[in-house]
Amino acid sequence: MEIATLAQLFPGRVAVGIGHGMPGRMRQAGCRPERPLTFLSEYTQGVRALLGGDTLNGTVAGARLEDVRLEPSSLPETSPPLLLGVRGPRSLAASGQVADGTVLAEPVTPEYVVAARERIAAQDAHRVVAYNLAAVDPDPGVAIATARPGLEWIGEPDWAPHLAPLPFAAEFAALRADCATREEFAERLPAEWVQQLALAGTPAQVRARIDDLTAAGVTSNVLMPAGPDPLAALEQLATVL
């Protein structure tokens, strides 16, 4: 209902992101599905059907439904695209089958995009939205220093799929293993790695990096402002335009 309302209010401007949710929180709330991938696929297909005016009956994403539909007056003229925010290989493949696009969490490199799109293997047009930490400054050293603390968590196991396609993946893993804390790890990241794992540098350097991501298959880039004052950082990020 909320999606339909937004799509009526802002036709052509709404894109819907759907994901597995936070596993720990969902277990705590007692709503973690036994088969998360099946649940996600059925849920996405169910949402698409309802937004298209269909009536649902039977079991959908674990719920028994009987004549469930949206009131015709609430239907948008055009259903908004549904994108899955996923990273695992089977989830990426499901996105290629049931979604209009995929949201890739940070860090997103051209190598990761190519690997993800191979997994997605969509038969039709498929959007790829890339999130990346971003820091822009006329002095590339300042931009790298600003972005560095925001990368301290990417050495943790959940982010392994993002790093596996990179030529320095083994060195990266060794560096993380050699560091006692996330803070030490971030501080010891080579500057050239920071610039590959974030959009960090001069406006020209960041524009070039965005071009590389576009060439790899990204259709939309989301820049996440780094540093202690995100609002002030927006002015610097705007210089990329």
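The values are calculated or read from the model by the stated rules, or taken from the named source; none is laboratory data. For clarity, every value in this text was computed on a predicted model and none was experimentally measured. Cβ sites come from the backbone with ideal geometry, for glycine too, and all protein chains shown count toward neighbours. Areas reflect the complete protein model, heavy atoms only, side chains present, ligands, DNA and RNA absent. Shrake-Rupley method; radii C 1.70, N 1.55, O 1.52, S 1.80 Å.
A few comments on the model shown:
- In plain terms, the chain from residue 1 to residue 67 could stretch by 22.2 nm, reckoned as 0.36 nm per residue minus the Cα-Cα distance.
- In the chain, helical runs assigned H by DSSP with n ≥ 4 each contribute -39500 (n - 2.57); averaged across all residues and rounded to the nearest 500, the mean residue ellipticity at 222 nm is -13000 deg cm²/dmol.
- Dipole-positive endmost among 199, 236, 213 within region 184-241 (Cβ charges, Cα centre): 213
- Rounded to the nearest 0.05, the FRET efficiency derived from the C-beta distance between residue 153 and residue 78 at R0 = 35 Å is 0.40.
- A simple spin-label model places the labels of residue 171 and residue 59 5.2 nm from each other, with each point 7 Å out along Cα-to-Cβ.
- Local electrostatic count at residue 168 - Lys and Arg +1, Asp and Glu -1, tallied over other residues with Cβ under 14 Å: -1
- Separation in nanometres of the label points that stand 7 Å from Cα toward Cβ, at residue 28 and residue 192: 4.2 nm
- Charge sum, other residues only, whose C-beta stays under 12 Å from residue 18's C-beta, Lys/Arg counted +1 and Asp/Glu -1: -1
- Accessible area (Å², 1.4 Å probe, nearest 10) - residue 154: 0 Å²
- Residue ranking by accessible heavy-atom surface, 1.4 Å probe, largest first, among 31, 179 comes out as 31, 179.
- Tensor-based shape of region 112-241 (alpha-carbon gyration tensor, a/c under 1.5 rounded, otherwise prolate or oblate): oblate
- With a 1.4 Å probe rolled over the protein heavy atoms of all chains, the accessible area of 22, 1 falls in the order 1, 22, largest first.
- The chain, relative contact order [Cα under 8 Å, separation at least 6], %: 19 percent
- Over all other residues within a Cβ to Cβ distance under 11 Å of residue 227, the charged ones net out to -1, with Lys and Arg as +1 and Asp and Glu as -1.
- Accessible area of residue 9 in the full protein assembly, 1.4 Å probe (Å², nearest 10): 110 Å²
- Based on protein heavy atoms only, region 1-135 ends up with 57 Å² per residue of surface accessible to a 1.4 Å probe.
- Stretch in the chain that is longest and holds no GluC sites (Glu not before Pro) that DSSP places in a loop and that have at most 11 other beta carbons within 10 Å: 78-241
- Of all accessible heavy-atom area on the chain, the percent that carbon and sulfur account for (1.4 Å): 54 percent
- Exposure of residue 178 as accessible area (Å², to 10), given a probe of 1.4 Å and all protein chains: 100 Å²
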